[in-house]
Amino acid sequence: MRLGLSAVALIAITQVVLCGVVYGDPPSAAKMGRDELELFPADKIKWEEGPPSLPKGAMIAVLEGDPTKEGPFVFRVKLPDRYRVPPHTHPKTERVTVISGTFHIGMGDKFDEKAAKTMPAGTYGHWAAGMKHFVWAKGETVLQFHGTGPWSIQYVNPEDDPRNQKK
């Protein structure tokens, strides 16, 4: 009789544990906490000077994660009218949504406005890791980037890299 009760108890405990594993909260919910909520109304976003890897004039607001580290991230970039980024690549897929303004993207290792595609506000696009491309903005443009970090940029021509410019 004891063996039977022990077996039943073991089965019941195993079922409870398995239900917790299978039907439990996703890991992100456990990290964030059940009562935590972060909202970013457009007029409350804190903009900072863009990173040194981008030409001067860009502003950035990190909304989630840390784009310089492993893991998911979301950030926005605000670009002034006629802002340009020379041909470059990224080591991971780039995912971009145009929030406002107009973004232009061209593929290749030479800046050629005629070869570009237009991304008006509301457009989402993604391109593969290592794809050579160049971009520019028409009007003040706000973009949202999301992906898995670390995010980085490598210029086709090292002389185009703002980090290599003499100060």
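The values are calculated or read from the model by the stated rules, or taken from the named source; none is laboratory data. On a predicted model such as this, the values are computed, not experimentally measured, just so you know. Positions of Cβ are backbone-derived with ideal geometry, glycine not excepted, and every protein chain shown enters the neighbour counts. Side chains are part of the model used for accessible areas, which takes the heavy atoms of the whole protein and leaves out ligands, DNA and RNA. Shrake-Rupley method; radii C 1.70, N 1.55, O 1.52, S 1.80 Å.
Being open to solvent by 100 Å² or more (accessible area, probe 1.4 Å) and not in a loop (DSSP other than H, G, I, E, B) is the filter here; which residues of the stretch 36-49 pass it?
Of everything in the stretch 36-49, those that are open to solvent by 100 Å² or more (accessible area, probe 1.4 Å) and not in a loop (DSSP other than H, G, I, E, B) turn out to be Asp43, Lys44, Glu48, Glu49.
In this structure, does Pro52 turn out to be within 19 Å of the chain's Cα centre (by Cα) and open to solvent by 70 Å² or more (accessible area, probe 1.4 Å)?
Spelling it out, Pro52 is indeed within 19 Å of the chain's Cα centre (by Cα) and open to solvent by 70 Å² or more (accessible area, probe 1.4 Å).
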Report every pair of residues separated by at least 6 positions or lying on different chains whose Cβ atoms are under 8 Å apart, first residue within the stretch 34-51 and within 15 Å of Val74 (Cβ to Cβ), second open to solvent by 100 Å² or more (accessible area, probe 1.4 Å) and of a type outside the set (S, T, N, Q). Glu38/Glu64
Checked the stretch 96-125 for anything aromatic (Phe, Trp, Tyr) and touching a Leu at 6+ places or on another chain (Cβ under 8 Å); matches are Phe103
If we ask which residues in the stretch 143-167 are over 14 Å from Arg95 (Cα atoms) and not basic (Lys, Arg), their number turns out to be 11
All-but-one check, Pro72 against (1) over 24 Å from Glu38 (Cα atoms); (2) touching a residue at least 60 places away in the same chain (Cβ under 8 Å), failing number (1)
